[in-house]
1. Does any residue of the range A:371-383 turn out to be part of a loop (DSSP other than H, G, I, E, B), in the same structural domain as residue A:556 (by TED's automatic domain parsing) and crowded, with 22+ Cβ neighbours inside 10 Å?
2. Does residue B:66 count as modelled with pLDDT under 90, surrounded by 10 or more Cβ atoms within 10 Å (Cβ to Cβ) and among the charged types (D, E, K, R)?
3. Checking the structure you have, find out if any residue of the range A:149-161 is assigned by TED's automatic domain parsing to the domain that holds residue A:198, more than 44 Å from the chain's Cα centre (by Cα) and not aliphatic (A, V, I, L, M).
4. Is it the case that residue A:219 is over 28 Å from residue A:161 (Cβ atoms) and within 14 Å of chain B (Cβ to nearest Cβ)?
5. In the range A:347-370, is there at least one residue being buried (at least 24 other Cβ atoms within 10 Å of the Cβ), of a type in the set (D, E, K, R) and assigned by TED's automatic domain parsing to the domain that holds residue A:419?
6. Any chance you could count how many residues in the range A:141-183 are touching a helix residue (DSSP H, G or I) at 6+ places or on another chain (Cβ under 6 Å) and of a type in the set (Val, Ile, Thr)?
7. Among the candidates A:563, A:584, A:545, single out the residue that is at pLDDT below 80 and within 29 Å of residue A:240 (Cβ to Cβ).
8. Considering (1) more than 14 Å from chain A (Cβ to nearest Cβ); (2) closer than 30 Å to residue A:188 by Cα, say which one residue B:55 fails and leave the rest.
Amino acid sequence: MIRTPLRPLARILSARQKGENPDTIERENLRLRHEEIRDKSRARAEVRLLFLSLGFLAAFATIGARMGLLAATEPMEPRTAAAGAEIVATRADITDRNGRILATNMQTYALYAQPRDMVDPGRVARELAKIFPEIDPVALERRLTDGRSFLWIRRVMSPEQMQRVHEIGDPGLLFGPREMRLYPNGQLAAHVLGGASFGAEGVSSAEVIGTAGIEKALDARLRDPAQSGTPLALSIDLTLQATIEEVLATGKTMLNAKGAAAILMDVRTGEILSLASLPAFDPNDRPNPLVKGDPGDSPLFNRAVQGVYELGSTFKIFTVANALEQGLVEMDTMVDANAPKRWGRFTIKEFQNKNYGPLLSVEDVIVKSSNVGTANLALMIGAERQAAFFQSLGFFEPTTIELVEAPGARPIVPKRWPDITTITTSYGHGISASPMHLAVAYAAIANGGVMVKPTLLQGGVPQNGPRVMSEQTAAASIRMLRRVVGEGTATLGDVPGYQVAGKTGTAEKPNAQGGYDTDKVVNTFASLFPADNPKYVLVVTLDEPVETSGSEPRRTAGWTAVPVAGEIIRRTAPLMGLRPVVEPPPVDELTAVSN
Amino acid sequence: MRPVFFVFSFLAVMGLAFWAYRENYATQAALREMTKLQNEIASLREALTLQRAEWAYLNRPERLRELATLNFDRLGLLPLEPVQFGAAAQVTYPAPTILPGMEGFPDIDAPVSVTGQTDPLTGAEIAPSPVDGQFP
């Protein structure tokens, strides 16, 4: 390149002759040179930008093409990699604590139609109606001939039905594989398991999603592909569950009850060994929820967890335990139990208008189940401390059990605590909770005053929850509860060798008019056993039972829930490996005296 | 020299092509075999799941209870009761069997107390040795 000089001599000289400033020539040349440099670098930059944009274009085009390809092609399982169990099972099995299957998957087929390929829609509709009785042939034929190109006919079917559909031999009928949820034990533990149904459905596969119970509550865990090979082990024991459901069903029939529920819980670990609610349903064929009437009448309703009832006298032990814990009374302190007690415009009466008073020891308040004695103790405790104690026992919040129904079952707690509320809640009226709440609270007593969290999952370890009462109070409460079964209102529940301790509760059901029905009651028996070293809590609730063997119908828990609970303990305790023991005589029967 | 080189290169190309051709078909065959095996594994797994489900169905407590009720007398069953628990000391062990011809012999299991020793040849008494277990 020839470089132009900035001050060409010829032009400088001629400019000087003309008397012009030669520096302008230099500046002009400098400007031209700069322009030239600028043009050159711009051209180079443009080329670079072009290459860069071409590069980006190529990169994005590659990514886009790859994405389009991935989106457009049918998914294919990797053929060269070894197939693990995780590819096969889509939803993890559910087993009981001993590994017995409660829920598993089964391969079945869905039936769909492509009416355009169909030879004779009328015949197909008639033949299908013969195989599947719920199909209306006229309506199906209309749907097959209205011009649509795709139609689902059945979600699942048995191999026999599939063979018969094959034998129709129409090319427009096609099958799509389905993983179906199967509950081999039928109605057993139905309320725990809940049920499952199909979510998003495609021709070659369908999503299985939980619809209720633990299937829905732990849906993410059950669907997790990384854990689909390991079954979800529940704390439920299938044998215990079957036994309890059998005894409960017998009791429900014999006592003409509308419903029944039972919870058996390990007091150390909080594991629920059995949770039964009757009437039950078959999770394989889950009924539809009721559209009218009381949802509590549906078999889908889990009475043990969702059923929020006034639990009656079973609450008295909490009031007494609270009074002992506050140091207000001792077990042998005499309290006023003169019935009936008037408080403002209310009258507090005893069962059958009895009078256990004028004075009754704290222990006898529980043994005789005195409303007035409990009410007077509650007034000594005061509203604030009583509410705080109920709250610490978990009666203000829904239980944390792994069921999708649990968070919705919020206890009904009075908003304010005037004295009359203090009185009624002390014997379990005016405060409603589920049998699960009651089981948790009794487990705290049985566990030496330490709360446990109920769980449905196996592998519970002894829990170190918050302490709600001292060990001495818990021990005293258990002693009183033992006397209730030994000589009080629950003698029918005494199983020789197992030292059952417990408290009965009979609560009249509130009616639509705002009052109480005297002939409709909820009977509850909350028990723990064996009393000298409590291991299990059993809560049995019967809805509207009536015992008719006597001259007049009996509706107290001592005649209904207690014998059922006793039979459950007699049958299940040996199954749990509990050895019956000869009970030592009460220590306070002999008193050393000297003179 | 050059023609030889060309001939060798040509032969090498042909050889590699043949090798690639065979490898291609071998790979496809292996993949087909793998697919077949995986299908077999999948169907076996499916059958296993089904059989497990069937096992659970046949062993459901309700059915077992019915079977137990049906065969209650024939099998001499008893309901499980708390009173059936016992201590190990309560278990009666079978009486020791006495073999035929051994009736007159004393019980060899019974403990024997030894107070002195007798020389088996002379019948004379031997004083117990000061050291246990050492006999003359």
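1. Filtering the range A:371-383 for residues part of a loop (DSSP other than H, G, I, E, B) gives A:382.
Remaining after also requiring in the same structural domain as residue A:556 (by TED's automatic domain parsing): A:382.
Add one more test, that the residue is crowded, with 22+ Cβ neighbours inside 10 Å, and what stays is none.
No: the range A:371-383 contains no residue that is part of a loop (DSSP other than H, G, I, E, B), in the same structural domain as residue A:556 (by TED's automatic domain parsing) and crowded, with 22+ Cβ neighbours inside 10 Å.
2. no
3. no
4. no
5. No - not one qualifying residue is present in the range A:347-370.
6. Going through the range A:141-183 one residue at a time, the tally reaches 2.
7. Within the list A:563, A:584, A:545, the selection yields A:584.
8. The failed condition is (1).
The values are calculated or read from the model by the stated rules, or taken from the named source; none is laboratory data. On a predicted model such as this, the values are computed, not experimentally measured, just so you know. Methodologically, a virtual Cβ is constructed for each residue, glycine included, from the backbone with ideal geometry; neighbour enumeration extends over all protein chains shown.
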